[in-house]
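Asker: This is the structure I have questions about; it appears just below.
The values are calculated or read from the model by the stated rules, or taken from the named source; none is laboratory data. Computed from a prediction, not measured in an experiment: that's the story for all the values here. Here the Cβ positions follow ideal geometry from the backbone for every residue, glycine too, while neighbour counts run over all protein chains shown.
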C-alpha cells in the first residue's frame with residue numbers, strides 16, 4: 001500500500017496541472033492585473049501609461065450616484081426575483097410531484113425557458129412588451145386587452161421597466177429551480193411523511209414539519225445560487241432597455257461595461273469590478289455561514 | 001371527473017407558461033405587417049417562411065452556428081477531461097496541501113466572467129488569442145475550459161464512489177491513471193453528462209465575452225448575430241424571431257440527448 | 001470596397017520598386033466603438049483605419065493616428081467638402097479624410113401634403129419650427145400621420161446625428177468649444193426650449209414614440225420623413241415625382257444640417273506610413289475611390305471633382321444634399337469624450353420623447369458626461385492637448 005500512496009502523490013501534480021494552469025492564467029492572473037489597474041487612472045487605449053492614484057477610484061465609485069443607482073437596481077432585481085422565483089418554484093415542484101405522465105409534460109413545459117438562451121429571450125420579450133401604438137401592440141398588452149385591462153408602456157415606463165425585466169427573468173429561471181426542488185422532494189423519506197399523516201397531520205402541517213426541514217439544505221443552496229446569479233444581471237436590461245428609461249434598469253455589470261468601453265476608463269472599471277467581487281464574495285460567505293449552522 | 005379537471009388545469013397552465021415561446025414560433029411564420037396586429041391574428045393567410053431564409057442570410061447563421069457549436073464543443077469536451085482530472089486528484093489522490101489547494105479553487109467559483117472579462121481580454125491578447133479568426137475562436141473557448149464549479153461538482157461525485165471499486169483495481173496493480181480512466185471515470189458518467197449540459201447551457205447563451213472577443217464578422221456566434229439583427233437596419237421583426245428560433249434548435253436537440261442524466265445528479269450536489 | 005481594393009492592388013502590382021498590397025478586414029458595424037477600442041487595446045490596429053467621423057478626436061488624442069498633411073497637397077485638400085476637412089481636423093491637424101459625406105433632410109410626399117392643404121416651402125428652403133408644427137397639425141386633422149422620426153433605431157448615433165440640428169438651430173451647443181465642458185452648455189436655456197418644442201411632436205401625437213415599421217414613409221403611412229441620404233434611392237423608387245426634400249426644420253433663424261460619416265485615418269501602427277498613405281490617397285480619389293463607393297451606397301461624394309460623375313446632383317433631392325454640405329452643415333462635436341456624450345445625449349432624447357421633463361433630464365445627462373470628463377481632465381495622466389476643436393461650424 002505504501003507504494004500505492006507514493007504513486008498517488010507523484011501522479012497528483014500531473015492530474016492537477018492542466019486545470020490549475022488554465023485557472024491560473026485565465027482567472028488568477030487577470031484578477032491580479034485588474035487589481036493593479038484599479039489603483040491607477042489607466043486609459044483603455046493606453047493602459048501602460050496610467051498613474052497610480054491609490055484608492056481614489058474606489059472612493060469615487062462609492063460616492064458616484066450612477067454606480068449607487070446600478071447597485072440599487074441590481075439589488076432590487078435580486079430582491080424581486082429570488083424570493084418570488086424560489087417560492088414559485090417550490091410550489092410548482094409540489095404540484096408536479098406526481099408520477100403520472102401528464103405531469104411529466106408539465107415539468108418539461110416549465111423547464112423549456114431554461115434551455116432557451118437569455119439573449120434570445122431578451123429579444124423575444126422586448127417584442128412581447130411592445131407598447132400599444134394604434135392597433136399594434138405586443139402580446140402582453142394584447143392579453144391585457146382580453147381581460148379589459150389598459151395597455152402599459154412596460155419597458156418605457158420608469159417604474160415598470162425593472163419589474164418587467166424581473167418578471168421575464170423569473171419566468172426563465174423558475175423551471176430550473178423547480179427541478180432541483182423536485183429532486184429534493186423525491187429524496188424525502190416516504191416513511192416520515194406517512195407517519196405524519198397517520199398521526200393526523202394535515203397537508204399544511206406535513207409541509208411545515210416534515211418536508212421543509214428535510215429540504216432545508218436544498219433551499220439554502222437554491223437561494224444562494226439564484227442570488228449570486230441575480231447580481232450578474234446584464235444581458236436582459238442591456239438588450240431590452242439599455243439601462244433606461246433614465247437609469248431605472250441600469251445594472252452593475254452594465255455600468256462596468258460602459259466604464260470600460262464608452263468612458264474607456266480602465267482603472268475605474270477594474271475598481272468597480274473588484275467592488276462587485278467583494279459584494280458577491282460577501283453573499284457567498286453568508287451562505288456558507290447559514291449552511292454550516294444547519295449541520296450543527 | 002376530478003382527474004379530467006386536473007388534467008385540463010395542467011394543460012392550460014403549461015400552455016399559458018409556454019405562450020411566449022409558442023408566440024415566437026408562430027410569429028416567425030407571419031408576414032411582417034401582421035406580427036403585431038392581434039385583431040385577426042391566426043386567420044386569413046399572411047403566413048410565410050421567408051423570414052427563415054432572410055434571417056439565415058442576413059445573420060449569416062450558417063457560420064454563426066458553426067462558431068457557436070465549435071466553441072461549446074471545445075469548452076465541454078476539453079473541459080470534461082481537464083476538470084475531471086483535477087476533480088479526481090482532489091477526491092482520491094493523497095498529497096500534501098490538498099485541502100488548502102482545493103479551498104483556493106472553491107473560492108474561484110464565486111467569480112463571474114463579467115468581472116474578469118476586461119483583464120481577461122488583455123491576457124488573451126498577450127497570449128495571441130485575439131486578432132485573426134482562428135485566434136479569436138480559440139479565445140472564445142480556452143479561457144473557459146477549466147472551471148472551478150465543474151471541479152467541485154465532479155469531486156463530489158468521485159468522493160461518492162464506493163472504495164471497493166478502486167481497491168479492486170489497486171490489487172490488480174493499476175496505477176493512478178488507470179484507476180481514473182478505466183474505473184472512476186466510467187462510474188460517474190451521469191455526472192459527466194450533467195457537466196456537459198451545464199457547460200452547454202452556460203456558453204450557448206454567452207453574450208458578453210463573445211461580444212468582446214469576436215471582433216471579426218467571421219467569428220460571430222449565434223447570440224451576437226441575433227443581437228446584430230436587432231440593431232442593424234432594416235429592423236425586420238420576423239427575421240429576428242426566425243433567427244431566435246434557429247438559435248434555439250441546436251440546444252433543444254442536444255438537451256434531449258442528455259436529458260435523462262440531469263435531475264438525479266443535480267439534487268445530490270445541491271443537498272451536499 | 002473589395003473591388004476598390006482589388007483595383008488598388010492591380011494598379012500597384014505593376015509599380016516598379018515597391019510592391020504594395022492592401023488587405024481588407026471587415027469589422028461588423030454592430031458595437032463598432034467597442035470593437036475598435038478593443039482592437040486598439042489589443043494592439044491589433046491595422047495600418048489604415050476606417051472609422052466614424054466623431055471618433056477621430058478620441059483616437060487622435062490617444063496618440064493612435066498620424067497627421068495626413070504630408071501626403072496631400074493643398075490643392076487636393078481644397079477639393080474636399082469643407083465638412084470633410086472639419087470632421088477630420090483635431091487640434092489644427094488633419095487626421096482623417098472621408099470618401100463620402102452624409103446628409104439628413106425632411107423628405108415629403110407632395111400628394112399627401114396637398115391632400116391636407118399644406119404647401120411645401122420653396123425649393124431649397126426649409127420650414128421654421130412653427131411652420132413645421134402647423135403643417136403637422138394640418139396633416140393630423142386630415143387624418144394623415146404627420147412625421148416619422150425613427151425612434152426605434154437601435155444605434156445611439158442616430159439620435160445624436162438626427163436631432164443635434166434641433167439644438168444647434170436653436171442657438172445652443174452640445175459641448176463647449178474646447179470639447180471639455182458640458183456644464184451649463186448642454187442644459188442651457190436655449191436647448192431646453194428647443195428640445196421642449198421637439199418633445200411637443202410626441203406630446204401632440206405627430207410622431208410615434210415606439211414605431212414598429214422601419215420605413216413608414218416608404219410604406220405610405222406618413223407624410224414627412226426625418227431621414228437621411230441613405231433613403232433617397234428607395235424613396236425615389238417608391239414615390240417618383242411625388243418625392244420632395246427640404247432642410248430640417250429650424251428652431252431658430254437659420255437651418256442647420258448634420259453631416260459626417262466614415263473616414264479613413266492612418267494609424268501609428270503603420271510601419272511604412274508612406275505606403276499606407278498610398279491606399280488613403282486611392283480610396284479618397286475621385287475616380288478610384290469615391291465614384292465606386294458612392295455608386296454603391298448612394299452617399300454624397302466628399303470631393304467637388306467627384307460630383308461630375310453624378311448627374312443626379314443637379315436635381316433635387318440630391319442637390320439639396322450638396323447645398324447643405326456647402327453652406328449650413330455642422331459636424332458633430334470633435335471631442336475625445338464623444339462616446340460618452342453621444343450615449344448620454346441619445347438616452348436623454350429617448351427619455352424626453354417618452355415624456356421626461358426636459359430640463360431635469362438634460363441636467364442629469366450634463367452631470368453624467370461632465371463627471372466622466374472631470375475624472376480624466378484635471379487629474380492629468382493621459383491629459384488631452386488643450387486646444388481641441390470642440391464644436392464649431394466649419
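Asker: Taking the options C:265, C:257, C:253, name whichever one is within 26 Å of residue C:132 (Cα to Cα) and crowded, with 23+ Cβ neighbours inside 10 Å.
Answerer: Values: C:265 fails: within 26 Å of residue C:132 (Cα to Cα); C:253 fails: crowded, with 23+ Cβ neighbours inside 10 Å.
Only one candidate passes the filter, namely C:257.
Asker: Taking the criterion of being surrounded by fewer than 21 Cβ atoms within 10 Å (Cβ to Cβ), more than 7 Å from every other protein chain (Cβ to nearest Cβ) and in a helix (DSSP H, G or I), would at least one residue in segment B:216-236 satisfy it?
Answerer: Yes, segment B:216-236 contains at least one residue that is surrounded by fewer than 21 Cβ atoms within 10 Å (Cβ to Cβ), more than 7 Å from every other protein chain (Cβ to nearest Cβ) and in a helix (DSSP H, G or I).
Asker: Does segment A:261-271 contain any residue that is in contact (Cβ under 8 Å) with a residue 24 or more places away in the chain and within 30 Å of residue C:355 (Cα to Cα)?
Answerer: yes
Asker: Out of (1) buried (at least 18 other Cβ atoms within 10 Å of the Cβ); (2) away from every other protein chain (no Cβ under 14 Å); (3) within 19 Å of residue C:266 (Cα to Cα); (4) at pLDDT 85 or above, the odd one out for residue C:8 is which?
Answerer: (4)
Asker: So which of A:226, A:249 is crowded, with 19+ Cβ neighbours inside 10 Å, in a helix (DSSP H, G or I) and more than 9 Å from every other protein chain (Cβ to nearest Cβ)?
Answerer: Working: A:249 fails: in a helix (DSSP H, G or I).
The unique qualifying residue is A:226.
Asker: Can I ask one more? Can you confirm whether segment A:32-54 contains a residue that is facing another protein chain (nearest Cβ under 8 Å) and closer than 23 Å to residue B:106 by Cα?
Answerer: yes
Asker: For residue C:203, are the conditions met, namely being within 14 Å of chain B (Cβ to nearest Cβ), in contact (Cβ under 8 Å) with a residue 24 or more places away in the chain, surrounded by fewer than 19 Cβ atoms within 10 Å (Cβ to Cβ) and more than 30 Å from residue C:49 (Cβ to Cβ)? Steps first, please.
Answerer: Working: within 14 Å of chain B (Cβ to nearest Cβ): no; in contact (Cβ under 8 Å) with a residue 24 or more places away in the chain: yes; surrounded by fewer than 19 Cβ atoms within 10 Å (Cβ to Cβ): yes; more than 30 Å from residue C:49 (Cβ to Cβ): yes.
No; evaluated as a whole, the condition is false for this residue.
Asker: Here's a follow-up. Inside segment B:59-72, can you point out the residues that are closer than 12 Å to residue B:225 by Cβ, surrounded by fewer than 19 Cβ atoms within 10 Å (Cβ to Cβ) and in contact (Cβ under 8 Å) with a residue 12 or more places away in the chain?
Answerer: Of segment B:59-72, the ones closer than 12 Å to residue B:225 by Cβ are B:59-68.
Add one more test, that the residue is surrounded by fewer than 19 Cβ atoms within 10 Å (Cβ to Cβ), and what stays is B:60, B:62-63, B:66.
Hits for segment B:59-72 are B:60, B:63.
Asker: Return a yes/no flag: does segment A:63-84 have any residue that is assigned to a helix (DSSP H, G or I), in contact (Cβ under 8 Å) with a residue 60 or more places away in the chain and facing another protein chain (nearest Cβ under 9 Å).
Answerer: yes
Asker: Right, next: Given A:146, A:94, A:79, which one is surrounded by fewer than 20 Cβ atoms within 10 Å (Cβ to Cβ) and modelled with pLDDT of 90 or more?
Answerer: Working: A:146 fails: modelled with pLDDT of 90 or more; A:94 fails: modelled with pLDDT of 90 or more.
After applying the criteria, what remains is A:79.
Asker: May I pose another question? Would you mention how many residues in segment A:178-206 are more than 10 Å from every other protein chain (Cβ to nearest Cβ) and touching a helix residue (DSSP H, G or I) at 6+ places or on another chain (Cβ under 8 Å)?
Answerer: Residues in segment A:178-206 being more than 10 Å from every other protein chain (Cβ to nearest Cβ) and touching a helix residue (DSSP H, G or I) at 6+ places or on another chain (Cβ under 8 Å): 10 in total.
Asker: Next question. Within segment A:232-241, is there a residue that is more than 9 Å from every other protein chain (Cβ to nearest Cβ), at pLDDT 90 or above, farther than 19 Å from residue A:120 by Cβ and within 17 Å of the chain's Cα centre (by Cα)?
Answerer: no
Asker: Pick from segment A:5-30 the residues that are surrounded by fewer than 21 Cβ atoms within 10 Å (Cβ to Cβ), farther than 15 Å from residue B:86 by Cβ and facing chain B (nearest Cβ under 7 Å): which of them is modelled with the lowest pLDDT?
Answerer: A:5
Asker: Shifting gears a bit: Have a look at B:141, B:168, B:135, B:202 and point out the one that is under 30 Å from residue A:32 (Cβ atoms), more than 8 Å from every other protein chain (Cβ to nearest Cβ), in a helix (DSSP H, G or I) and modelled with pLDDT under 85. It would help to see each step written out before you state the result.
Answerer: Values: B:141 fails: modelled with pLDDT under 85; B:168 fails: under 30 Å from residue A:32 (Cβ atoms); B:202 fails: modelled with pLDDT under 85.
Of B:141, B:168, B:135, B:202, the one residue that is under 30 Å from residue A:32 (Cβ atoms), more than 8 Å from every other protein chain (Cβ to nearest Cβ), in a helix (DSSP H, G or I) and modelled with pLDDT under 85 is B:135.
Asker: Within segment C:166-182, how many residues turn out to be under 12 Å from residue C:336 (Cα atoms) and crowded, with 24+ Cβ neighbours inside 10 Å?
Answerer: Residues of segment C:166-182 that are under 12 Å from residue C:336 (Cα atoms), as a first pass: C:175, C:178-181.
If we keep only those that are crowded, with 24+ Cβ neighbours inside 10 Å as well, we get C:175, C:179.
Looking only at that region, the number is 2.
Asker: Oh, and also: Of everything in segment B:22-40, what is within 21 Å of residue A:145 (Cβ to Cβ) and in a helix (DSSP H, G or I)? Give them in sequence order. I'd like the intermediate steps shown before the answer.
Answerer: Taking segment B:22-40 first, the residues within 21 Å of residue A:145 (Cβ to Cβ) are B:22-24, B:26-27, B:30, B:33-40.
B:22, B:23, B:24, B:26, B:27, B:33, B:34, listed by residue number.
Asker: Could I ask something else about it? At least 1 residues that are crowded, with 16+ Cβ neighbours inside 10 Å, touching a helix residue (DSSP H, G or I) at 6+ places or on another chain (Cβ under 6 Å) and at pLDDT below 90 in each: list the helices (runs of 4 or more DSSP H) lying fully within segment C:290-359 that qualify. Give the steps one after another, and end with the answer.
Answerer: Numbers: elements: C:291-297, C:318-327, C:338-353.
Hits in segment C:290-359: C:291-297, C:318-327.
Asker: In segment B:171-187, what residues are within 13 Å of chain A (Cβ to nearest Cβ), surrounded by 17 or more Cβ atoms within 10 Å (Cβ to Cβ) and under 30 Å from residue B:203 (Cα atoms)?
Answerer: So in segment B:171-187, the residues within 13 Å of chain A (Cβ to nearest Cβ) come out as B:171-181, B:184-185.
Checking the rest, the ones that are also surrounded by 17 or more Cβ atoms within 10 Å (Cβ to Cβ) come to B:174, B:176, B:179-180, B:184-185.
Residues satisfying the conditions are B:180, B:184, B:185.
Asker: Among the numbered criteria (1) within 29 Å of residue B:229 (Cα to Cα); (2) touching a strand residue (DSSP E or B) at 6+ places or on another chain (Cβ under 7 Å), which single criterion is violated by residue C:169?
Answerer: (1)
Asker: Please report, ordered by residue number, the helices (runs of 4 or more DSSP H) entirely within segment C:47-116 with at least 2 residues that are in contact (Cβ under 8 Å) with a residue 12 or more places away in the chain and away from chain A (no Cβ under 14 Å). Give the steps one after another, and end with the answer.
Answerer: On the way: elements: C:56-61, C:74-79, C:82-88, C:110-115.
By residue number, C:74-79, C:82-88, C:110-115.
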